[in-house]
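Some notes on the structure that comes next.
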Amino acid sequence: MLAFTVVQAGADALARDQQSRHVGVRWCRFNDETLYWTAAGASEGLPDGLRRLGGPPQSAQGDLYLVVQVGNAFVNEFPDARVVINKGRYLAVDLRPEEVKDIQSHEDACFGFCALPEDAVVLDTRALTRRQPDPEIAPLVAMVSQPQLAQTLAVLTGFRTRHSLTSEFSAAADWCRAQLQTLGYASTKTAIPIGSSTSFNVIADKTGNGSSRKLVLVTAHLDSVNLAGGIGGVAPGADDNGSGVAGALEIARILAPQAAANDLRVILFGGEEQGLRGSQQYVASLSAAERARVNCVINMDMIATLNTATPAMLLEGATVSQALMDELADAAHDYTSLQVQTSLNPFASDHVPFINAGMPALLTIEGADTANHNIHTANDTVDKIHYGLASEIVRANVAVVARRLALAAGAPRQSSSPVVAWGTNRLDLFVLGTDRALYH
């Protein structure tokens, strides 16, 4: 029978030394806790060193799984589940075969799961030393405007709902497209089928002047949802995901007048809440040549609710995103006061289809997003928004996007497009080791 123990922070290095000398011991780290276990039928149990550090070993009733969840969806759905480690968005859970079968039958689940990765880090907090800011990038970072974010968010939440299949969503897409066109972007509103209905993606391009142009993508989903109210329910979607859209438009505003070698594309997706439909269809439409041009994808989804005492940002990607993740973590430390957490277990947002297609994509999301219980309800309103946190996350993203665009070195940094009072307008889960797709 599988035996496991959990070791707290501070003992991690010693514990790994211990396990390396004992065949059959595996580990998986969740930030400040590391789970060690022996495979069923292993000739040796957990070594004495681990027992002392983590307490007496426990016997699992089944196998260990990683659950990636939205809010507390898994715990709410399965209150009797044997949760070994709970880090909000990421759980380690002991599941029997019949429990796994029951979970798999929930096709509308708001979480994904897979076998617990062996000898891997699921969640990590970066401890980096702040470096001297890049004098070419710092002026752009300083242009991020909290009032502009607030003005944009006021317009977006002014729509009764932005459910993907409503006229209000279409009107919101028209408004966003108009703002991008005003900034000088070549913008389109592209229809995407969702069942027998239609939603839209807004796609805006700024062409670079290089001879061999790469493509830098900034993305966010425009739609909102009220799970209890259905299509007709009030869904202001301030944080999920008005905040990400406001961030994408702010990046577009700041970089619009800047000369760059590479192309910038801003995409606001529809159908995210119906299963990443907009991003899936967009990725499927890309030619091999266009996919090869993609330098990076930075996706913003929920960047404006302060769930922790220290403002924090989670960077979520995959192995293909590692270099981008490292660069964004560095930028956060160089230009902001954010605590940065990282994970290579992507789930249920518009970065996932890009990752599945082999492109370096990354989600930037507020820390401890699982503590935000207002999303997908009528309570996701602007009074819950923390503009300081949103601004910090946008600053980190501006720094990386600007660098990836290869701005003209030494050129004076032009002032961004003026801050505008918009006014009001009433107009597949990537799972390790399995091809099962679950969406929220």
task = Sort through R426, R395, R436, R404 and tell me the only one that's more than 16 Å from G242 (Cα to Cα), modelled with pLDDT under 95 and among the basic types (K, R).
result = R436
query = Which residue pairs have Cβ atoms under 6 Å apart, sit 6 or more places apart or on different chains, and have a first residue in the stretch 331-355 that is surrounded by fewer than 24 Cβ atoms within 10 Å (Cβ to Cβ) and a second that is in a loop (DSSP other than H, G, I, E, B) and of a type in the set (V, I, T)?
reply = Q339/T310
note = Within the stretch 282-321, residues being open to solvent by 60 Å² or more (accessible area, probe 1.4 Å), assigned to a helix (DSSP H, G or I) and not hydrophobic (A, V, I, L, M, F, W, C) number 3
key: Filter result (outside any strand (DSSP E or B), more than 20 Å from S349 (Cα to Cα) and among the aliphatic types (A, V, I, L, M)) within the stretch 232-260   = V234, A252, I254, L255, A256, A259
ask   = Scanning the stretch 15-41 for residues that are at pLDDT below 75 and within 18 Å of A115 (Cα to Cα), which turns out nearest to the chain's Cα centre (by Cα)?
value = A39
note = Residues of the stretch 97-140 being buried (at least 16 other Cβ atoms within 10 Å of the Cβ), under 30 Å from A332 (Cα atoms) and among the β-branched types (V, I, T), in sequence order, are V121, V122, I137
ask   = Which pairs have Cβ atoms under 6 Å, sit 6 or more apart or on different chains, and link a residue in the stretch 129-144 that is part of a loop (DSSP other than H, G, I, E, B) to one that is at pLDDT below 90?
value = M143/S416
query = Residues L149, L222, L183: which one is modelled with pLDDT of 95 or more, more than 16 Å from E273 (Cα to Cα) and buried (at least 22 other Cβ atoms within 10 Å of the Cβ)?
reply = L149
remark   = By residue number, the members of the stretch 230-248 that are of a type outside the set (G, A, S) and surrounded by 23 or more Cβ atoms within 10 Å (Cβ to Cβ) are P236, D239, D240, N241, V245
inquiry  = Tell me whether the stretch 50-66 contains one or more residues that are crowded, with 18+ Cβ neighbours inside 10 Å, under 30 Å from E272 (Cβ atoms) and either out of contact with any strand residue (DSSP E or B) (no Cβ under 7 Å at 6 or more places or on another chain) or at pLDDT 80 or above (or both).
reply    = yes
ask   = Of the numbered conditions (1) under 14 Å from L268 (Cα atoms); (2) part of a loop (DSSP other than H, G, I, E, B); (3) open to solvent by 20 Å² or more (accessible area, probe 1.4 Å), L227 satisfies every one except a single condition; which is it?
value = (1)
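The values are calculated or read from the model by the stated rules, or taken from the named source; none is laboratory data. As the structure is a prediction and not an experimental result, all values here were calculated from the model. Neighbour counts run over all protein chains shown; Cβ positions are idealised from the backbone, glycine included. Surface areas here come from the heavy atoms of the whole protein model, side chains and all, with no ligands, DNA or RNA. Shrake-Rupley method; radii C 1.70, N 1.55, O 1.52, S 1.80 Å.
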